[in-house]
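Read through the structure below, which is laid out as structure tokens, and then see the notes.
Rule-based calculations on the coordinates, nothing more; no lab input. These numbers come from a predicted model, not from an experiment. For neighbour counting, all protein chains shown are included, and Cβ atoms are generated from backbone atoms with ideal geometry for every residue, glycine included.
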Amino acid sequence: MFVNAKVVLMRCQHNKKLFGVRIQQQYNNAWDLTWAFPISEKRAQNEGFDKESLTVNIGYANTYPGCPYCATTGFVQCGSCGKFTCYNDSGEFTCAWCGNRSNSFKETDSFDLRIGED
Ligand SMILES: [Zn+2]
Ligand SMILES: [Zn+2]
């Protein structure tokens, strides 16, 4: 069976380190997060994980381990830069990419993703 899988870049809210999240298409625009792995800035750049964009509805596969640094499974999309930071719903959100502290972040399950090939 053909598996359509992509990678989304996120950062950890605690140490601001990059990680890749593998998402796999279930049907139409429904995609599940299936895996997360640490990734270096250099490798992320080389692989061009932000080449494509995609509008998706995100679900969670039960294999999804969460952020590789702090194990948080939640994440939010910054309302300022549009990038993703792991987030565990406890208090104030600060974007790990641009430092935006406003509360204009998305908590919906539909996202515009910048993604790259798995
Ligand atoms: Zn984290
Ligand atoms: Zn941001």
Problem set entry | Value of relative contact order over the stretch 1-92, rounded to a whole percent, pairs C-alpha under 8 Å and six or more apart | 26
Exercise. List the GluC sites (Glu not before Pro) in the stretch 5-93 that DSSP assigns to loop (not H, G, I, E or B) and whose Cβ has at most 13 other Cβ atoms within 10 Å. Which are they?
Worked result: Glu92
For this session: Apply the Karplus parameterisation 6.51 cos²θ - 1.76 cosθ + 1.60, with θ equal to phi minus 60°, to every residue of the stretch 65-81 and state each ³J(HN,Hα) to the nearest whole Hz, in sequence, with x for glycine and proline.
Result: x, x, 4, x, 9, 10, 6, 5, 8, x, 7, 9, 9, 5, x, 9, 9
